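What follows is one structure encoded as structure tokens, with my remarks underneath.
A short reminder: the numbers here are calculations on the coordinates, not readings from a lab. Bear in mind the structure is a predicted one, so any value in this text is a computation, not a measurement. So basically every Cβ, Gly included, is an ideal-geometry build from the backbone, and we count neighbours across all protein chains shown.
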Amino acid sequence: MPAIAAAAQAEPEILAPSGKDAAGENFPVGSRLIAPALRPHVMRYYAFARAADDIADAPELSPDEKVRRLDLMEAGLAPAARWPAVAVRLGESLRETGVPVAHASDLLVAFRRDAGKARYADWAELLDYCRYSAHPVGRFLLDLHSEAPETGAMGDALCAALQVLNHLQDCGEDRRALDRVYLPQDWMAEEGMALGDLDAAAASPALRRVIGRCLDASDALLDRAAPLSRAIRSRRLGAEVAAIQRLARRLSARLRREDPLALRVKHSRRDLAHGALAGLLRAAGLSALAGPA
């Protein structure tokens, strides 16, 4: 670790910004539902995650260079670190709030994996990736709000489902830009799907079947996470989670109907209105009126 710290002092820049920001994400990031005192901490976490994700996805960087830069990001979380600023700011935030640093360093496990791994053998292997790429996000938010430990497993299920939905949205782009495929290879083989199906202008019947299996498994995760918004003590965070749960259900349904190779499958204005309504009802303590998450 001292060698990494020394390298950081000598390195002027390690980031590889993609231009993406919170406004372009599928689901709310640090929305006004989050308590004002906590929102800056959420945004510091998001900025760190966004920067690390951009490094892992930068096509101009070699796998070894990506890992080197991600190691420097992890070193920046330490108390004595002075650089890179995006990591130092998050480290300060974690120490101020008492949130475990593992919720940041675990993300880097996934991004290092992205640097050198492009295929996933089966659903279990994909969920293990989500253990690092998605679970820490939910754990961070729950711990930031001092929620009960028993909410953690439900948060894991919700975040893993959101990750899978994102992979399905981006399945064509991930293949074209990074030769990265997050579809379970065994399901592809069982459905007769060829890797080249992801290079087409429209989804083949075999790809549609694989997407359907992924959505079935993702919906099962959403079912496990369904009680989460009501189990959360913070009314504000519960409202945010209720909105996200509703949006996830509607995105899943949309991915069953629409072709992610032919167009960008995304929330409609009506979907966003449904999500907002679910959040408002939860905030008002009337979540039962919103129907199933």
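Near residue 261, the amide H atoms lying under 5 Å from its own belong to 203; only residues 5 or more places off or on other chains count, and H is placed 1.01 Å from N. Remark on residue 120: its backbone amide H falls under 5 Å from those of 185, a criterion applied only to residues 5 or more positions apart or on other chains, H modelled at 1.01 Å from N. Please give the residues of the range 40-76, grouped as numeric ranges, whose backbone N is less than 15 Å from a label point set 7 Å along the Cα-to-Cβ vector of residue 85. Only 44, 47-48, 51 pass the distance filter.
Given the C-alpha atoms of the range 101-193, compute the convex hull and give its volume per residue in Å³.
On the way: hull volume 9.0 nm³, N = 93.
About 97 Å³ per residue, rounded to a whole number.
What GluC sites (Glu not before Pro) does the range 27-95 have in DSSP loop regions with at most 15 other beta carbons within 10 Å? The partial results should precede the final answer.
Numbers: sites: 60, 65, 74, 92; in loops: 60.
In loop regions of the range 27-95 (DSSP not H, G, I, E or B), the sparsely surrounded GluC sites (Glu not before Pro) are 60.
At q = 0.18 Å⁻¹, what is the log10 ratio I(q)/I(0) for the range 138-191, with the Debye formula run over Cα points and no solvent? With no solvent term, the Cα-only Debye profile gives -0.71. Across the range 105-261, the convex hull enclosing all Cα atoms gives 101 Å³ per residue. From the square roots a ≥ b ≥ c of the eigenvalues of the alpha-carbon gyration tensor of the range 44-128, which class results: rounded (a/c under 1.5), prolate (a/b over b/c), or oblate? Oblate is the answer for the range 44-128, as a/c is 1.5 or above yet b/c matches or exceeds a/b.
If contacts are Cα pairs under 8 angstrom and at least 6 residues apart, what is the relative contact order of the range 110-248 in percent? Numbers along the way, then the final one.
Numbers: 146 pairs, mean separation 39.7, N = 139.
So the answer I get is 29 percent.
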